[in-house]
Amino acid sequence: KANRGIALVDLDEDGVDRAFRADVLTGLRQQKKAIPARWFYDEEGSQLFEAITELDEYYPTRAETEILRARGNEFAELIGSGRAVIEFGSGSSVKTPLLLECIAPAAYVPLDISGEFLREAAAGLAAKFPGLPVHPVEADFMRRVALPAEVEALPKLGFFPGSTIGNMVPRTAVDLLRSMRATLGADEGECPMLLIGMDLVKEPAVLEAAYDDAQGVTAQFNLNVLARINRELGGTVPLDAFEHVAIWNDDFARIEMHLRAKRKLTFEVSGRPFAMDAGETIHTENSHKFTHRSANLLLQAGGWTPLQCWKDSEERFSVVLARA
Ligand code: AVI
């Protein structure tokens, strides 16, 4: 099963349809057209994201995995044993065993908006770690989540790998960090900790290649949102008239993905007409990159005190441990 990058909003199928339509219609009416990145992750998009994580150019997954494999002893020393590990947006939980193996947790709580991902993750983890209590919670982690009573009294460690925090603009990222603090009970009981993956600023050429690979998988991932509009919202978007663009925005320290109209065109979505000029773009994703200092600043703005930061051998990616 494919891993997802970012959680959907907390809605049933009809609600998802309505929210998707509302986001697309609002986004396309703006002077600078934009569609929120969370709509990438339907079945097709989730599989494409999984394929991206295996591309030569897409270093973040390999770099983060290297850190998680190499630093087990240090995690054990700083985090200690006996914590309940709460994973935010657990998806298929591929990186989780690397952490659980070294810190001897008392319980594991995967949080995800998709019940299907959760059941698979829980079953997989339970098989790998017999005796570890696993309590999946189906929820939108962007808001405060009530944790199962079984883990209430345990000290907590939040786990948020993948640099998904980078897909949020700073004000949303800060809101999320504060919600995590509340979910982990920062103002009650033992001080929670957070282990979070944050991708690093580097050569623009390396970043642009990671988001515009030679095989065109990322282009397909980006274009899939238009295909999804046609599939689910009765759209008539001419996919072949758009091209994938990934550019480094130095002022905001982020890679931006856009879909650029190759010619002047018109289309409909849910019966509403839209027009675009040649060269005009739809902004589909931000992937913010951090420096050691900007990562610390963001964590502090979100109510977390950074304790330790690890980088992979090529210093492309960081994993930060913080306490509330
Ligand atoms: C899920 N997220 C951290 C990915 C990223 O790197 O920003 C999503 C992605 N977009 C294009 N490639 C990967």
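Of the residues that make up the range 277-284, is at least one crowded, with 20+ Cβ neighbours inside 10 Å and not β-branched (Val, Ile, Thr)? No, the range 277-284 has no match at all. Taking the residues in the range 248-273 that are of a type outside the set (Phe, Trp, Tyr), within 14 Å of the ligand (Cβ to nearest atom) and assigned to a strand (DSSP E or B) as candidates, determine which candidate is surrounded by the fewest Cβ atoms within 10 Å (Cβ to Cβ). Top of the filtered list is Asn249. Only residues that are touching a helix residue (DSSP H, G or I) at 6+ places or on another chain (Cβ under 8 Å) and within 16 Å of the ligand (Cβ to nearest atom) were counted across the range 274-290, and they come to 8. Assigned to a strand (DSSP E or B), of a type outside the set (D, E, K, R) and under 30 Å from Met180 (Cβ atoms), is that true of Thr284? Answer is yes for this residue.
Among residues of the range 34-59 that are free of Cβ contacts under 8 Å to residues at least 24 places away in the same chain, those with a Cβ under 6 angstrom from a residue that is more than 13 Å from the ligand (Cβ to nearest atom) and assigned to a helix (DSSP H, G or I), sequence gap 6+ or separate chain, pair up as Pro36/Asp23.
What number of residues within the range 113-146 are open to solvent by less than 20 Å² (accessible area, probe 1.4 Å), over 26 Å from Arg71 (Cα atoms) and either charged (D, E, K, R) or assigned to a helix (DSSP H, G or I) (or both)? Selection size over the range 113-146: 4. Across the range 189-197, not a single residue is classified as in contact with a Leu (Cβ under 7 Å, 6 or more places away or on another chain), within 13 Å of the ligand (Cβ to nearest atom) and part of a loop (DSSP other than H, G, I, E, B).
Taken over the range 205-215, the criterion of being open to solvent by less than 60 Å² (accessible area, probe 1.4 Å) and either more than 21 Å from the chain's Cα centre (by Cα) or of a type in the set (Ser, Thr, Tyr) (or both) is satisfied by Tyr211 alone. Whether any residue in the range 147-160 is surrounded by 14 or more Cβ atoms within 10 Å (Cβ to Cβ) and within 16 Å of the ligand (Cβ to nearest atom) is what I want to check. Yes; the residues of the range 147-160 include at least one that is surrounded by 14 or more Cβ atoms within 10 Å (Cβ to Cβ) and within 16 Å of the ligand (Cβ to nearest atom).
For the range 152-161, the criterion of being out of contact with any Ser or Thr (no Cβ under 7 Å at 6 or more places or on another chain) and free of Cβ contacts under 8 Å to residues at least 60 places away in the same chain is satisfied by at least one residue.
The values are calculated or read from the model by the stated rules, or taken from the named source; none is laboratory data. These numbers were taken from a predicted model, which means no experiment stands behind them. Cβ atoms come from the backbone with ideal geometry, glycine included; neighbour counts cover every protein chain shown. When the accessible area is computed, the model is the full protein with side chains, heavy atoms only, and any ligands, DNA or RNA have been set aside. Shrake-Rupley method; radii C 1.70, N 1.55, O 1.52, S 1.80 Å.
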